[in-house]
Amino acid sequence: MRKLKIYIVLVLATTLYASCDKGFEELNKNPFQSTETDIGPLFNTCVNSLRMGWSEQLYLYNETLYEITQQAALSANTFQNVSIGSEDIWNNYYITLAHIRELESRFDAWEGDQEALNNARAMLKIMLAYKTFKLTDLFGDMPFFEAGRGFEDLNYARPKFDSQEDIYVFMLEELKWSVENINTTPNPVTGSGENYYDLGNFETLFNGDMALWVKFANSLRLRHAVRMYEKAPQIAGSIIAEILENDLPLIKDFEDNALMMPRQQQWLNLSVGWSFREHKKLRMGSNIWDQFSENDNLDGSGIFDPRCFVFFETNNANEWAPFPQIPDEDTPQSGGIPYQYHRDDNYPIKGQDNIYSPFNYYLIRDEQDVPEILITAAEVHYLLAEIYIRGMGVPADESTADGEYTLGLAESIAFWQQVAHGSEIWTNAQTPLSSGEIFAVTNHPKLSIFESTDKLNLVYAQRWVDAFRQPWEAYALIRRTGGQTPHEGTIKTHYRFAYPPGEVENNPDNWADQVARMGEDSHLTKIWWMP
């Protein structure tokens, strides 16, 4: 096996020109001193970039999207420094994009049989697709085709913005290429007899299981084909039909979920606890409480959905008390210290002012066993249920839709219970329900699709619940469906995030051209795929 080497000029070549606005703090380093970095560690750096950023979580999700999606409630005023969060996720993307471009250039320069790189190329494309879709779904149009290429040509140091539509079409084609070119046989060999390049222990997402990479790619294709269906039904419908009519592999089982697992990947997830401790204001809202309980009994006797015990806990008085989703001027704010780490030793002490139910302490405290979610079997089943209800790319089929929804709900309940039960520190986690007990929950009148008079909205509601720790996905669902997820009152008008200040400062001409095309750089400007 040939050994690939990547020679990276530190910072000036890979970060300053990769992102439009990042890396200036590193300029004191010698730009002519280079280091030799093997492909494996650099690939693993790209895998690690899939983790959520600290400020991304605090300012974009905890302080903004949870309130917009109504998956939780902000019980008091917060910092509202949204631009800090947007800088975080923006910079993470463009630094990683520079690494990906460098890897691609080394692949292109490979003197051996190019087929030997197919699996490595495909994994890189799939990671790039996931990250690109996530960023463009938050911001809309963005620099892409010229971005991350500053080390190739200084003319790309300030890349132009590309349309979200063009980016979507391109990334979906890249995913298709990946699916068609991955070799899933053990120890594959090219037609010329050369071994496929093996990333070994540096591939920490699926640990070299190429069949899972295929499922991940197809599942992303399905997610984003559905997302763009209202604006490009022919393209989206053909992708959906190709996947379903050919029974292409998808993430449909619990064991195949695409997750970032701290213990398995040998990192500590310190950022989640930090993001909750910083302002301590997130609480269970009355909107999501209505999805879990038949009544407002303070003892929780009305709770019928076991996920409630995974997502939330009682207040300081040991009562189930949701914060009003639409508070009035007389609604008391919630204080207390429910997310502080003193609870490791004094678990019941949440502070006298903690009068509303907080997020479950262990869900945000566990640094090793609670995963960050990329895409799960539950989501895929919900996507399939919507597809068969609406007849998207394939004929409508109510019976198949009912089955897919029920499987999605069962997978979601099983997954979240396993998250709690699989944690070493989650001392009060419920024993996971048996398959029969889970099936009984799916038959509850509020959850059963067989008793529903509005099956599509039930699918949306349960996808929204399942995305509890993916508020960016719930945000996409709300914008795509025009607010057909559970909500109280009017959903806040918010269609995208403004570009971060660093991009405005360091790429001013292209930013100005982009704003001229879109009208204004604000949360009121719809992105391409929105109806």
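Report the residue count in region 149-161 for those that are of a type outside the set (A, V, I, L, M, F, W, C) and outside any loop (DSSP other than H, G, I, E, B). Quick ask: steps written out before the conclusion?
Here is the first cut: in region 149-161, the ones of a type outside the set (A, V, I, L, M, F, W, C) are 149-150, 152-153, 155-156, 158-160.
So of that shortlist, the ones also outside any loop (DSSP other than H, G, I, E, B) come out as 155-156.
The total comes to 2.
Would you point out which residue out of L135, L97, L117 is farther than 23 Å from E505 by Cα and assigned by TED's automatic domain parsing to the domain that holds V169? Explain how you work it out, then say what you get.
Details: L135 fails: farther than 23 Å from E505 by Cα; L97 fails: farther than 23 Å from E505 by Cα.
Result of the check over L135, L97, L117: L117.
Given the conditions (1) among the small types (G, A, S); (2) crowded, with 17+ Cβ neighbours inside 10 Å; (3) not in a loop (DSSP other than H, G, I, E, B), and given that A241 satisfies all but one, which numbered condition is not satisfied?
Among (1) among the small types (G, A, S); (2) crowded, with 17+ Cβ neighbours inside 10 Å; (3) not in a loop (DSSP other than H, G, I, E, B), A241 violates only (2).
With the checklist (1) under 23 Å from R223 (Cα atoms); (2) of a type in the set (F, W, Y); (3) buried (at least 20 other Cβ atoms within 10 Å of the Cβ); (4) over 15 Å from the mean Cα position of the chain (by Cα) in hand, flag the one item Y66 doesn't pass.
Every condition holds for Y66 apart from (4).
How do the helices (runs of 4 or more DSSP H) wholly within region 291-403 filter down when requiring 2 or more residues that are of a type in the set (D, E): which remain? Before the answer, list the steps.
On the way: elements: 307-311, 361-365, 377-390.
Correct list: 377-390.
Of the residues V169, V226, which is under 21 Å from the mean Cα position of the chain (by Cα) and surrounded by 19 or more Cβ atoms within 10 Å (Cβ to Cβ)?
Working: V169 fails: surrounded by 19 or more Cβ atoms within 10 Å (Cβ to Cβ).
So the residue among V169, V226 that is under 21 Å from the mean Cα position of the chain (by Cα) and surrounded by 19 or more Cβ atoms within 10 Å (Cβ to Cβ) is V226.
Could you pull out the residue among N62, N28 that is assigned by TED's automatic domain parsing to the domain that holds G140 and modelled with pLDDT of 95 or more?
Working: N28 fails: modelled with pLDDT of 95 or more.
So the residue among N62, N28 that is assigned by TED's automatic domain parsing to the domain that holds G140 and modelled with pLDDT of 95 or more is N62.
Quickly run through region 37-63 and pick out the residues that are touching a strand residue (DSSP E or B) at 6+ places or on another chain (Cβ under 9 Å) and under 20 Å from I326 (Cα atoms).
Of everything in region 37-63, those that are touching a strand residue (DSSP E or B) at 6+ places or on another chain (Cβ under 9 Å) and under 20 Å from I326 (Cα atoms) turn out to be N62, E63.
Six or more apart or on different chains, Cβ atoms under 9 Å: show the pairs whose first residue is in region 437-453 and in a loop (DSSP other than H, G, I, E, B) and whose second is at pLDDT below 95.
Correct list of pairs: N443/E451; P445/E451.
Mind checking which pairs have a first residue in region 348-375 that is within 18 Å of E424 (Cα to Cα) and modelled with pLDDT of 95 or more and a second that is of a type in the set (S, T, Y) and in a helix (DSSP H, G or I), Cβ under 9 Å, 6 or more apart or different chains?
As it stands, the answer is I364/S275; R365/Y341; V370/Y362, since those pairs meet every condition given.
Just name the residue that is nearest to V465 (Cα to Cα) out of those in region 388-426 that are of a type in the set (S, T, N, Q) and in contact (Cβ under 8 Å) with a residue 12 or more places away in the chain.
Step one: of region 388-426, the residues of a type in the set (S, T, N, Q) are 399-400, 406, 412, 417-418, 423.
Then drop every residue that is not in contact (Cβ under 8 Å) with a residue 12 or more places away in the chain, which leaves 400, 406, 412, 417-418, 423.
Working: T400: 22, T406: 14, S412: 9, Q417: 14, Q418: 16, S423: 21 Å.
By that ranking, first place goes to S412.
Might you let me know whether region 369-382 holds any residue that is of a type in the set (A, V, I, L, M), surrounded by fewer than 21 Cβ atoms within 10 Å (Cβ to Cβ), touching a Leu at 6+ places or on another chain (Cβ under 8 Å) and closer than 21 Å to G237 by Cα?
no
What number goes with the only condition from (1) farther than 25 Å from K231 by Cβ; (2) part of a helix (DSSP H, G or I) that F468 does not pass?
Of (1) farther than 25 Å from K231 by Cβ; (2) part of a helix (DSSP H, G or I), only one is false for F468: (2).
Hey, among the residues in region 491-521 that are among the small types (G, A, S) and surrounded by 14 or more Cβ atoms within 10 Å (Cβ to Cβ), which one's farthest from the chain's Cα centre (by Cα)? Steps first, answer last, please.
From region 491-521, those among the small types (G, A, S) are 498, 502, 512, 516, 519; that's our starting set.
Next, from what is left, pick out any that are surrounded by 14 or more Cβ atoms within 10 Å (Cβ to Cβ): 498, 502.
On the way: A498: 19, G502: 23 Å.
Selected residue: G502.
Within region 249-258, is there a residue that is more than 22 Å from I387 (Cβ to Cβ), in a helix (DSSP H, G or I) and out of contact with any Leu (no Cβ under 6 Å at 6 or more places or on another chain)? So that I can check it myself, show each step before the final result.
Taking region 249-258 as the starting set, the residues that turn out to be more than 22 Å from I387 (Cβ to Cβ) are 255.
Pick out the ones that are also in a helix (DSSP H, G or I) and you get 255.
With out of contact with any Leu (no Cβ under 6 Å at 6 or more places or on another chain) added as a condition, the list becomes 255.
Checked against the condition, which is being more than 22 Å from I387 (Cβ to Cβ), in a helix (DSSP H, G or I) and out of contact with any Leu (no Cβ under 6 Å at 6 or more places or on another chain), region 249-258 yields at least one hit.
Return yes when D330 is more than 20 Å from the chain's Cα centre (by Cα) and in contact (Cβ under 8 Å) with a residue 24 or more places away in the chain and no when it is not.
Values: more than 20 Å from the chain's Cα centre (by Cα): yes; in contact (Cβ under 8 Å) with a residue 24 or more places away in the chain: no.
No.
Scanning region 108-148 for residues that are without any contact (Cβ under 8 Å) to a residue 40 or more places away in the chain and part of a helix (DSSP H, G or I), which turns out farthest from F170 (Cα to Cα)?
The residue in question is Q114.
Looking at (1) surrounded by fewer than 18 Cβ atoms within 10 Å (Cβ to Cβ); (2) closer than 29 Å to T204 by Cα; (3) not assigned by TED's automatic domain parsing to the domain that holds S423, which is the only condition V272 fails?
Checking V272 against (1) surrounded by fewer than 18 Cβ atoms within 10 Å (Cβ to Cβ); (2) closer than 29 Å to T204 by Cα; (3) not assigned by TED's automatic domain parsing to the domain that holds S423, the one that fails is (1).
Can you tell me which residue is surrounded by the fewest Cβ atoms within 10 Å (Cβ to Cβ) among those in region 475-490 that are hydroxyl-bearing (S, T, Y) and touching a residue at least 60 places away in the same chain (Cβ under 8 Å)? Break it down into steps so the answer makes sense when it comes.
Taking region 475-490 as the starting set, the residues that turn out to be hydroxyl-bearing (S, T, Y) are 475, 481, 485, 490.
Okay, now just the ones that are also touching a residue at least 60 places away in the same chain (Cβ under 8 Å), so 475, 485.
On the way: Y475: 26, T485: 23.
Checked region 475-490; the qualifying residue surrounded by the fewest Cβ atoms within 10 Å (Cβ to Cβ) is T485.
Which is surrounded by 15 or more Cβ atoms within 10 Å (Cβ to Cβ) and either of a type in the set (S, T, N, Q) or farther than 30 Å from D369 by Cα (or both), of T427, T442, T453? Break it down stepwise before answering.
On the way: T427 fails: surrounded by 15 or more Cβ atoms within 10 Å (Cβ to Cβ); T453 fails: surrounded by 15 or more Cβ atoms within 10 Å (Cβ to Cβ).
The match here is T442.
Among the candidates I288, I239, single out the residue that is over 30 Å from F79 (Cβ atoms), touching a residue at least 24 places away in the same chain (Cβ under 8 Å) and of a type outside the set (D, E). Spell out the reasoning first.
Values: I288 fails: over 30 Å from F79 (Cβ atoms).
Unique residue meeting the criteria: I239.
Give the residue that is nearest to the chain's Cα centre (by Cα), with candidates limited to residues of region 244-258 that are aliphatic (A, V, I, L, M) and surrounded by 18 or more Cβ atoms within 10 Å (Cβ to Cβ). I'd like the intermediate steps shown before the answer.
Residues of region 244-258 aliphatic (A, V, I, L, M): 244, 248, 250-251, 258.
From what's left, surrounded by 18 or more Cβ atoms within 10 Å (Cβ to Cβ): 244, 250-251, 258.
Numbers: L244: 24, L250: 17, I251: 15, A258: 10 Å.
Per the criteria, the residue is A258.
Would you check if there is a residue in region 212-225 being in the same structural domain as N44 (by TED's automatic domain parsing) and among the small types (G, A, S)?
Taking every residue of region 212-225 in turn, none turns out to be in the same structural domain as N44 (by TED's automatic domain parsing) and among the small types (G, A, S).
Looking at region 365-401 only, could you name the residues that are hydroxyl-bearing (S, T, Y) and closer than 30 Å to S49 by Cα? Talk me through it step by step, then tell me what you get.
Applying the first criterion (hydroxyl-bearing (S, T, Y)) to region 365-401 yields 376, 382, 388, 399-400.
T376, Y382, listed by residue number.
The values are calculated or read from the model by the stated rules, or taken from the named source; none is laboratory data. Note that the structure is predicted; figures quoted are calculated from it, not measured. Using ideal geometry, Cβ is built from the backbone for each residue, glycine included, and neighbour counts are taken over all protein chains shown.
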